[in-house]
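No value in this document is a laboratory result; all are computed from the given coordinates. Everything numeric here is computed off the predicted structure, so don't read it as measured data. Reconstructed Cβ throughout: ideal geometry from the backbone, glycine too, with neighbour counts over all protein chains shown.
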Amino acid sequence: MNVSARKTGTQKSAHFGHKNAFWVRDRTDKRERILCAHVWALSTGERINTGSHMKIGPQLLGGVLLSFIATSAGANIIFNAVPSGTGNNVQFNDQPPNQTGTTIFGNINDANNTLVQFNSTQVLRTPAVGQARIESVPDGALNNLTTTIPGFFFDQAVFNLDATANGTANISAFDQFGTPFAFLLPLSGSGQNFFTLTTANGEHISRVAFTSTVGLDDVSQIRFGGTVAAPVPGPIAGAGLPGLIAACGALVAFARRRRSRCTTA
């Protein structure tokens, strides 16, 4: 089961005990609802009716959580230190000429001119003449850049780092849940340094960041493909496995506080 493949829908309720109702969205998998219900029951001693014959005892609860972890671990972001013609070019023609600042913008050359955002701790600029590229102020000193597509995830990305000397670039690609995938790219000061990111097993990329050990003359030939709208997070499912664990932990903490109040009363 892949979390990113779930469909949204109307909300449904699950009754956990007497008057305790916790709302979850249809996109939350049935196993997750049952898991949260059993965490509640194990912490309170209450009997539950989830509408399912599935039973989870204390010894099996850890195994269920591990199965969710194993499912998440199946998703991948794939790195290749080669150029690729995948996706569409990022251009700066639709933005003001000669942008400068720690945040600048470009547009994917697609039907929607999808907006792309670039951030750095350094001052960036987009020269109005020549190939679409990002430089630093002063020139030749660029050593960090973070790229996002506001409101969207993507499945493919290509960058070309023009290094001033031999060195390395530490690249981090973050999936739709914020999990980082780290890669190392050797940089040549005498040539282009392309890298391509693609995905598998339902994974999406939310942002790409890099730092380099040497200054870059520019970053160019940026391409993106497979853009999909980023879903609005739901109460539990939107955060994936971390959200599920956090929500179940909140149920346990609430139950313990309630039992403590009952005991002192």
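Odds and ends about this structure:
- The charge dipole of segment 76-229, taken about its Cα centre with unit charges on the Cβ of Lys, Arg, Asp and Glu (plus for the first two, minus for the last two), comes to roughly 60 debye.
- This ranking places S190, S172 by how few other beta-carbon atoms lie within 10 Å of each, fewest first, which gives S190, S172.
- The packing ranking, built from the mean of other Cβ atoms within 10 Å per residue, places the peptides 143-151, 178-186 in the order 143-151, 178-186, highest first.
- If the chain linking A230 and N93 were pulled fully straight, counting 0.36 nm for each residue of separation and taking away their Cα-Cα distance, it would gain 46.8 nm.
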